[in-house]
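Data block below; observations after.
The values are calculated or read from the model by the stated rules, or taken from the named source; none is laboratory data. These numbers come from a predicted model, not from an experiment. Neighbour counts run over all protein chains shown; Cβ positions are idealised from the backbone, glycine included. Each accessible area value is taken on the protein alone, full model and side chains, heavy atoms only, with ligands, DNA and RNA left out. Shrake-Rupley method; radii C 1.70, N 1.55, O 1.52, S 1.80 Å.
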Amino acid sequence: VHSLKVTNTTYSVLSMRDGDAYVKKFGSVNGPDNLPDGTDGKDFFKLWIFGLDSNDVKLDSTSFLLADFTSTDAANHYILNAWKNVSLGSLGEIYGLSFEFESTDNGDWGMNTPAYFALDNLAYTPNTLSLTAIAQNEFAVYPNPFTSVLNVVGGNGNLTITDLTGKVVYA
């Protein structure tokens, strides 16, 4: 996986920007109950992106701030409302992605910030499939490895092709 684009959803932006009955207004020293929340207004909403192996085990991670009010300069405060590219090359070769959130706005039952984001333009290089030795020389199979077109010529009988997970892609 090379990269993807992310942004906040409208619901998340409006909740962080305006506050509501459950979510504090980001940058405010008070929580949704209008009492000081201990953040001193230094709020953030972070997206964690994890690379997974084929057994859904987390291999590595990167993070991206969807909102940031931690700077001492208020001019640097923001709630993301446009698409931003996130490079994922540091995750290396992975099988899948997993997403988690972190926020300074938390309550008795966990995170108050709406745990939503929008994703687009996932850029990746698909794994190529390759073949192990064929027991009989009745088939000509090429190219090896291949990505989208596999030529099988000759032979008698049935042919089944499976991907790396064992899923039948041709029978």
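When the stretch 99-114 is filtered for residues that are farther than 16 Å from Gly27 by Cα, without any contact (Cβ under 8 Å) to a residue 12 or more places away in the chain and either within 18 Å of the chain's Cα centre (by Cα) or assigned to a strand (DSSP E or B) (or both), the ones remaining, listed by number, are Gly110, Met111.
Looking only at the stretch 24-36, filter to residues that are open to solvent by less than 70 Å² (accessible area, probe 1.4 Å) and under 19 Å from Leu65 (Cβ atoms); which one of those is nearest to the chain's Cα centre (by Cα)? Even if it seems obvious, please write down each step before you answer.
Of the stretch 24-36, the ones open to solvent by less than 70 Å² (accessible area, probe 1.4 Å) are 24, 26-28, 30-32.
Keeping just the survivors that are under 19 Å from Leu65 (Cβ atoms) gives 24, 26-28.
Values: Lys24: 26, Phe26: 24, Gly27: 27, Ser28: 29 Å.
Filtering the stretch 24-36 for residues that are open to solvent by less than 70 Å² (accessible area, probe 1.4 Å) and under 19 Å from Leu65 (Cβ atoms), the one nearest to the chain's Cα centre (by Cα) comes out as Phe26.
Residue-by-condition table, conditions (1) open to solvent by less than 70 Å² (accessible area, probe 1.4 Å); (2) more than 16 Å from Leu122 (Cα to Cα); (3) not small (Gly, Ala, Ser):
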site: Thr9; (1), (2), (3): yes, yes, yes
site: Arg17; (1), (2), (3): no, yes, yes
site: Tyr22; (1), (2), (3): no, yes, yes
site: Lys42; (1), (2), (3): no, yes, yes
site: Leu59; (1), (2), (3): no, yes, yes
site: Asn81; (1), (2), (3): no, yes, yes
site: Ser90; (1), (2), (3): no, no, no
site: Gly96; (1), (2), (3): yes, no, no
site: Asp105; (1), (2), (3): yes, yes, yes
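Within the stretch 20-73, the set of residues being in contact (Cβ under 8 Å) with a residue 12 or more places away in the chain and basic (Lys, Arg) comprises Lys24, Lys42, Lys46, Lys58.
When Ala21, Ala67 are checked against the criterion of being assigned to a strand (DSSP E or B) and more than 13 Å from the chain's Cα centre (by Cα), Ala67 stands alone in meeting it.
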